[in-house]
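The block underneath contains the structure these notes are about, expressed in structure tokens.
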Amino acid sequence: MNKIHISEDFRRLGSLIPQSSKVFVIIDNNLKQFYKYFERFEIIEIHTSEKEKTLATVETLTGQLLARGADRNCFLIGVGGGILTDLCGFTASVYKRGVKFAFVPTTLLAQADASIGGKNGVNFHSYKNMIGTITQPEWIYECTDALKTLPPREFRAGIAEVLKTFILFDQEYYGKAAAYFAELEAFRNRYGSYCTDGISGNAEGRIFGQEILTDIIRKTAVCKCGVVERDPFEKGERRLLNLGHTFAHAIEKNCTIMHGEAVAIGLVLAARISAALGMAPESLARKIETDLEKTGLPVRSPVAAGQLLEALEKDKKVDGNNIHFILPQAIGKVTDTIISLKTLEDISRDLC
């Protein structure tokens, strides 16, 4: 956790940026309100989307760095959501055989998951993160103030990754986080904003319960960092972090949906499979589904079972006629299970 700095504001950010290196800030061009924190450095704007999370964008960034004289001692800072941090991290990992980099994630999904762990990947055609590296950033600065400007749908997308982490590792914090995010969504439904002054539409106020949110993000980071430190290259325990993602990636391949929304659906489907195999009670799937619904996240697959299975057959976790699945048995307890594709096909007919 010494590399992750979690705060409610940006006051400590400047002290982390090296003074001896030429610093390049790769930033999402929708985040102009954050440019003031990086005025002293060279800014490279990019537009981010899943369609642009490709080697072609990495080539564009490489060209920009070369044109601006970035040498092997330069320092890159990626400012934005998970797509941006992936692109920045991947580019830094391969530019001149690797330069140092750091992240300032500005979405809940990036703060809870995407920016942590050193995985930096780009998509290949419609397949998620098929090309990538595992290279750790020098530091990550997570600021809950940055989340005030997020559209509600994008904020909610990060909730799925937070709850996923606690399904894996912490029953107490799962209950705390599920209750908080349900209350936050109820507040938004009443006042039209997650901010305490949301009635006026002014985002200068605090997020409702921001201290609780900061604590939840801190605990999420502690859980994920522990796994990454014990298994940096995903040889064992780190595979658990794929909970909900096997179905999520299959859903994303077949329709336009936010990653966190797909993960929410994937969590429910994983719990239903676990119940179908007799590894968890039916009540677990109902609880996870209800908790996610209360936050405003989708819980039903928009993709038919046949299409999902076709995509699953090309998943990275397929081994011959079998596929690795992370399945929940209870809140705070999961298992890494090998399921035959035939069994999965039989079960999946009743899932979607």
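The values are calculated or read from the model by the stated rules, or taken from the named source; none is laboratory data. As the structure is a computational prediction, the values presented were derived from the model and not from experiment. Virtual Cβ from ideal backbone geometry, glycine too; neighbours counted across all protein chains shown.
Of all residues in segment 281-299, none that is outside the structural domain of Leu267 (by TED's automatic domain parsing) has its Cβ atom under 6 Å from the Cβ atom of a residue that is modelled with pLDDT under 95 and hydroxyl-bearing (Ser, Thr, Tyr), 6 or more apart or on another chain. Give me a count of the residues in segment 16-33 that are at pLDDT 95 or above and outside any loop (DSSP other than H, G, I, E, B). Number satisfying all stated conditions: 7. Per this entry, Gly226 is not counted among residues that are closer than 26 Å to Tyr141 by Cβ and part of a loop (DSSP other than H, G, I, E, B). In the set Ser49, Ser21, only one residue is out of contact with any helix residue (DSSP H, G or I) (no Cβ under 6 Å at 6 or more places or on another chain) and over 23 Å from Pro151 (Cβ atoms); that residue is Ser21. Taking the conditions exactly as written (at pLDDT below 95 and either surrounded by fewer than 17 Cβ atoms within 10 Å (Cβ to Cβ) or touching a Leu at 6+ places or on another chain (Cβ under 8 Å) (or both)), does Gly201 satisfy them or not? Taking the combined requirement at face value, the residue satisfies it. Condition check for Ala280 on (1) part of a helix (DSSP H, G or I); (2) under 17 Å from Lys164 (Cα atoms): one failure, at (1). The set of residues in segment 266-305 that are under 26 Å from Glu183 (Cβ atoms) and touching a Lys or Arg at 6+ places or on another chain (Cβ under 7 Å) comprises Leu267, Ala285, Thr295, Gly296, Leu297.
Quick grid of which residues meet (1) in contact with a strand residue (DSSP E or B) (Cβ under 6 Å, 6 or more places away or on another chain); (2) under 26 Å from Leu213 (Cβ atoms); (3) crowded, with 18+ Cβ neighbours inside 10 Å:
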| residue | (1), (2), (3) |
| --- | --- |
| Arg11 | no, yes, no |
| Ser15 | no, yes, no |
| Gln19 | no, no, no |
| Asp28 | yes, yes, yes |
| Lys36 | no, yes, no |
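The set of residues in segment 152-183 that are of a type in the set (S, T, N, Q) and surrounded by 20 or more Cβ atoms within 10 Å (Cβ to Cβ) contains only Thr165. Residues in segment 297-317 that are outside any loop (DSSP other than H, G, I, E, B) and surrounded by 19 or more Cβ atoms within 10 Å (Cβ to Cβ): 3 in all. Meeting the requirement of 1 or more residues that are in the same structural domain as Lys51 (by TED's automatic domain parsing) and surrounded by fewer than 20 Cβ atoms within 10 Å (Cβ to Cβ), the strands (runs of 3 or more DSSP E) wholly within segment 70-151 are 100-105, 119-124, 127-134.
Applying the set (1) more than 30 Å from Val227 (Cβ to Cβ); (2) among the acidic types (Asp, Glu); (3) in contact with a Cys (Cβ under 7 Å, 6 or more places away or on another chain) to Glu42 leaves exactly one unmet item: (3).
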